[in-house]
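Structure first, commentary second.
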Amino acid sequence: ELISLIQSRLIGGEQVPGFLTGTARDLGYMGTIANPVSAVTQLGDIGVSGALHGFRNTIASMFGTKNVKMVDLGLDDIGQEFADLTKTSKALKGLFKWSGFRAVDRLGKQTSMNAALRKNANLVKSEKGEKAFREKWGKFYKDDIDDLVADLKDIKRGGKVTERVKFHAFNELSDLQPISLLEMPQKYIDVKDGRILYALKSFMLKQYDIVRRNVVKEWKEGSKPKAIKNAGLLAGYLAAANVGTGVIKDILMGRDPELDKIPEKSLWALLGVYGFNRYGIEKYVKDGKLTDWAIDVIMPATNVVD
């Protein structure tokens, strides 16, 4: 299994989609998310950070000094599915820049990374917290865990951000977003022209993974109170964050925000994170057209092509 994974990453991962599929995918992105309205939607990602890293840590990281930035980790792309160098990718990246999408995405990523570092730096201050941190990360860092704990304690005292701390920030962000090939499904890596099927879906799949690790896995391992707490936090923060961005978009586009429908909007804001949107449900599912709905979910967006 390990040999298979390494071959996929080092051989399949270096492949670039063909001209037709790469162009169709990039045009799909241009017609759906490369605009200022979608840039506002990106602010909803900060809700995951609030749920898992704490409200105070997230707000302080959003508006305060960033100890770690994307450039420190060599990160430039919004996500791995946008990283392939195709003929149209340069134009797509230009649209991401001028629409504000890239700037908002960078804010969200840097907020999540620094919120995680704030949380961990506070955690290792106490003996109990340090023990919890070592139990979670010790199996990954092995002999380096002592140095990482020392570095985190040093940050709290205003010390230098080391390469170990930057690497940990990368790992924390990887838990929340598909920022590298390591976070993508193996079939995505192996079948270069099949990557179009993952267009606009890698972030959604990652949200399922977050629930799997922080809710389902915790429940199965016997930490039921923690699983329930994590489920509640994720539901609350994601609903609030995405309802907030929805209201902002309504105001920007001159629509009535319909504040009296906040409870209903909260439900759809939460379900939307996992791929269930109101439009698809009302158009297909209510009429029993489950196959049509499934096809609509799976097929890549083709607005610009149409």
Short to long, in 10 Å steps from zero, the percent of alpha-carbon pairs of segment 1-53 per bin is 19, 22, 28, 30, 1
Mean projection area, nm², convex hull over Cα of segment 114-184: 4.8
Run the accessible area of the chain with a 1.4 Å probe and give the carbon-and-sulfur part as a rounded percent. 60
Set Lys and Arg Cβ to +1 and Asp and Glu Cβ to -1, take the dipole of the chain about its Cα centre, and tell me which of W219, G74, L95 lies farthest positive. W219
Which Cα, out of A199, F63, Y188, lies furthest along the positive dipole direction of the chain (beta carbon charges, K/R +1, D/E -1)? F63
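For segment 256-296, compute the orientation-averaged projected area of the C-alpha convex hull (one quarter of its surface), in nm².
So the Cα hull casts an average projection of 3.4 nm².
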Ellipsoid equivalent to the chain - semi-axes via the Cα gyration tensor, in Å: 32, 25, 20
In Hz, Karplus ³J(HN,Hα) per residue of segment 151-158 (6.51, -1.76, 1.60; θ = phi - 60°; x = Gly, Pro): 5, 5, 5, 5, 4, 4, 9, x
What is the spread of the Cα atoms of segment 179-240 along each of their three principal axes, largest first, in whole Å? 43, 29, 16
How large is the dipole of segment 16-153 about the Cα centre if only Lys and Arg carry +1 and Asp and Glu carry -1, each at its Cβ, rounded to the nearest 20 debye? 340
At 4 °C and a viscosity of 1.567 mPa s, what translational diffusion coefficient does Stokes-Einstein give for segment 18-96, taking Rh as the Kirkwood radius over Cα pairs? Give it in µm²/s as a whole number. 88
Over its alpha-carbon atoms, segment 180-306 yields an Rg and a Dmax in Å of 17.4, 50
Quick one: accessible surface of V16, probe radius 1.4 Å, all protein chains present, in square angstrom to the nearest 10. 60
What's the local net charge at I11, with K and R +1, D and E -1, over the other residues with C-beta under 12 Å away? 0
May I have the extent of the alpha carbons of segment 135-247 along their three principal axes, as whole Å values ordered from largest to smallest? 44, 38, 35
Test item: Cα-centred dipole of the chain, Lys/Arg +1 and Asp/Glu -1 on Cβ, debye: 760
State, in angstrom, two size descriptors of segment 201-276 derived from its alpha carbons: Rg to one decimal place and Dmax to the nearest whole number. 14.7, 49
Normalised by the empirical 2.2 N^0.38 Å for globular proteins, what value does the Cα Rg of segment 1-159 take? 1.27
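The values are calculated or read from the model by the stated rules, or taken from the named source; none is laboratory data. It should be emphasised that the depicted structure is a prediction, and the values quoted were computed from it without experimental measurement. FYI the Cβ positions are ideal-geometry reconstructions off the backbone, even for glycines, and counts take in every protein chain you see. Accessible surface is based on the protein model in full, side chains and every heavy atom, while ligands, DNA and RNA are left aside. Shrake-Rupley method; radii C 1.70, N 1.55, O 1.52, S 1.80 Å.
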